[in-house]
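These notes are about the structure you will find just below.
We did not get these values from a lab; they are worked out from the coordinates using the rules stated. Just so it is clear, the structure is predicted and the values come from calculations on it, not from any experiment. Positions of Cβ are backbone-derived with ideal geometry, glycine not excepted, and every protein chain shown enters the neighbour counts.
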Amino acid sequence: MTGPGDPAPAPAPARAQEAERRWQLALVVGGVLVAGVGAKALLTDLRDEVLDVAIWSLAPVAVHDALLAPLAVAGAWLAARVLPRPAWPAVVGGALASAGLLAVGATVVGRPGAQESVPSLLDRSYGTGLVVALLVVWTVTAALAVVAVVRARRRRTGTATGT
Amino acid sequence: MPAATSGSPPGRLESLARRLPRPPVTEADFTSRLHDERLAARLGLWLGAAFGICFVTGVLSSMIQQPPGWFVWPTRPVGLYRWTQGAHIVTGVATVPLLLAKLWTVYPRLLTWPPVTSVVHALERVGVLVLVAAAFFQVVTGIQNAASWYPWGFFFPPVHNAMAWVLAGALLVHVGVKLPVTRRALRAPLDGDDSHRDDDRHDGGDQDDGGDRDDGDNRDDGDNRDDGDDRPSRRAVLVGAVAAAGVAALAVAGQTVPWLRSVAVLAARSGEGPQGLPVNKSAVSAGVVAAASDPAWRLVVAGPDGDVVLSRDDLLALEQQTADLPIACVQGWSATATWTGPRLRDVVALAGARPGAADVRVVSLQQRGGYRASTLPALHAGDDLTLLALRIGGDDLVLDHGYPCRLIAPSRPGATQTKWVSRLEVAA
């Protein structure tokens, strides 16, 4: 395997490397063609929508890259200083589950898509549902984190005493 | 790619890029062992599989609604579309945690310094932007659409379809570009040492084994973590991200899977509604209340022998068939009901059409809207279970379910199960 200073993957036999390059080329060319199917539709039948599509594509990227991701990084930095390390994965999982619930919740809490004549649309108590779901997620997260910390301590004690 | 340029003198583009003001935080400042290609590659496999399911089921749904000449969508099992489209929505929701986890893992790469090192590197970064932007577009607008929330100005289906191809293509390009890195990352044990993390960096790898390590623990111990090593496990984070995807899926899956309804706390529909069935388009919003409740309503069947005009009583006088069939909406919800009415093939036969020989255009009383008419493929038109439903669960349809009569066919998108039918046209 590679050592700390190696700049490249383990050198493969030339033929395998050649095969890999061919795969790369096929994937890139194929990908451009596949994307071209969508690009053609956007630039012909849907050309009036292109600006809207650009906004709804790039705005989430900007919000994520400039706001959500730095917040997540700051949160992770803070959590890393407060929480014992074995608890981290559970907390990451809990945060990701919460993000998923909040993303879907944002489209149903407050019923922005409600239609007066269709009472069977958006007919649950979404605020309550979201809060309960988040409580369940963080209860499970806390339990898993505690278990991980306790197991890590036991393991360390076990190692220290040579068992 | 980058490995080859490592150590070579910087090109003109890189020299230019280096003159840009250096941001306060760059890739080198991220020292957690979770920002690692091995975790990124495995998250990528899960995310890629999820996007693959969305792409295939989405393209199928699109082709069912606008079939190319060669395309045939089967009528059995009757719930086939219910499952493909349910999988589309549930999987789409599940991508949210996977996408965020993947982006978080590779976030330092966004802040790589210098920002570009060559034309190929610049192209690769543009490709990644297209990939991420298309992914966000599909996931964000898709989830909004499933909740009937349309804050944008465009008609959703064709745009979602076009962007699906952009996303699929950008993903293939990304896999192609990253193939050597991905293969290396997948071969390496997920929780092994961090030695090859920064192979393709240019500004030195000295930040590699940053402050995350336990003192005195530098062994490459692969997956063997029973020795007091409490560095955060990448495997545990991967499991956490996949579990988070499962939680998100569970919050909506009850729309498709009836026994999960009680925990589907964020599903846009509880599954309840008039006559035990949710409604998508109401008679009021379709503007058909007066025409549909008018006793003078008649169904016109245009076939090879000319037009045949039928009243609701005429339809009731035909042989009645009862079938349990699902309504399966493109928005992902579905519900099964017991429908009763004459078979569509018997109705069009009255106008001289041979059963199952031709497509049938089904036209609604609705005056406007993309779903006022649908074309039923010959295969579905001739099916024993395809009904012009008059009743649901033994009662006359309510207006919102399509009174005086509606189309109900097996394995078909709900939007094309035309309600308030006023006209059937058999293709010549």
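Take every Cα-Cα pair in the protein assembly as shown and report what % of them are more than 45 Å apart. The calculated P(r) of the protein assembly as shown puts 29 percent of pairs beyond 45 Å. Neighbour counts of C-beta atoms inside 10 Å place B:311, B:118, B:282 in the sequence B:311, B:118, B:282, starting with the fewest.
Each peptide in A:143-149, B:419-425 was scored by the mean count of other Cβ atoms within 10 Å over its residues; highest first, the order is B:419-425, A:143-149.
Kirkwood radius, chain A, all distinct C-alpha pairs, inverse of mean reciprocal distance: 22.0 Å.
Taking the Cα centre of chain A as reference, the dipole from Cβ charges on Lys and Arg (+1) and Asp and Glu (-1) amounts to some 1160 debye. Once the C-beta distance of residue B:186 and residue A:151 is scaled by a Förster radius of 22 Å, the resulting FRET efficiency is 0.20 to the nearest 0.05. The value obtained for the stretch B:318-406, namely the Cα convex hull volume divided by the number of residues, is 110 Å³ per residue. The modelled label-to-label distance for the pair residue A:114/residue A:67, using points 7 Å beyond Cα in the direction of Cβ, is 2.5 nm.
For residue B:281, the lysines whose Cα comes closer than 18 Å to its Cα, not counting residues fewer than 8 places off in the same chain, are B:419.
Residue by residue along B:174-186, Cβ atoms of other protein chains within 10 Å of the local Cβ number 4 on average. Considering every alpha-carbon pair of chain B, the percent of pairs per 10 Å bin, from zero through the bin containing the longest distance, is 4, 18, 23, 18, 13, 10, 8, 4, 1, 0. Scattering from the stretch B:132-182 was approximated by placing one identical point on each alpha carbon and applying the Debye formula without solvent; log10 I(q)/I(0) at 0.14, 0.23, 0.28 1/Å stands at -0.42, -0.82, -1.05.
The sum of -39500 (n - 2.57) across all DSSP H runs of n ≥ 4, divided by the residue count of chain B, sets its helix-only mean residue ellipticity at 222 nm to -13500 deg cm²/dmol.
Footprinting exposure proxy ranking of B:406, A:124, B:183, fewest other C-beta atoms within 10 angstrom first, gives B:183, A:124, B:406. For residue B:252, the shell of other residues with beta-carbons less than 15 Å away shows a net charge of +3, using +1 for Lys and Arg and -1 for Asp and Glu.
The length gained on full extension between residue B:70 and residue B:398, counted as 0.36 nm times the residue separation minus their Cα-Cα distance, comes to 114.3 nm. Label point of residue A:32 set 7 angstrom out along Cα-Cβ; within the stretch B:157-173, amide nitrogens under 13 Å from it belong to B:170, B:173.
A simple spin-label model places pseudo-atoms 7 Å from Cα toward Cβ; at residue B:296 and residue B:20 they are separated by 7.1 nm. Panel order for B:76, B:231, B:18, by other beta carbons found within 10 Å of each beta carbon, from fewest to most: B:76, B:18, B:231. Remark: the stretch B:301-366 carries a charge dipole of roughly 180 debye about the Cα centre, counting +1 on each Lys and Arg Cβ and -1 on each Asp and Glu Cβ.
In terms of overall dimensions, the C-alpha atoms belonging to the stretch A:71-163 reach 71, 25, 13 Å along their principal axes, ordered largest to smallest. Across peptide A:63-70, the mean count of Cβ atoms from other chains lying within 10 Å of each residue's own Cβ comes to 3. Near the amide H of residue B:34, within less than 5 Å, lie no amide hydrogens of residues on another chain or at least 5 residues away, with H placed in the peptide plane. Specify the angular offset, from 0 to 90 degrees and rounded to the nearest 10, of the alpha carbon long axis of helix B:37-65 from the longest principal axis of the alpha carbons in chain B. With rounding to tens, the tilt is 20 degrees. Label zone (residue A:23, point 7 Å along Cα-to-C-beta; backbone nitrogen cut-off 13 Å) within the stretch B:165-194: B:175-187. For the residues of A:46-53, the average number of beta carbons from a partner chain within 10 Å of their own beta carbon is 5. Restricting the calculation to Cα atoms, every distinct pair contributes to the Kirkwood radius of the stretch B:1-137, found to be 18.2 Å. Per residue, chain A reaches -24500 deg cm²/dmol at 222 nm when only DSSP H runs of four or more residues are counted, each adding -39500 (n - 2.57).
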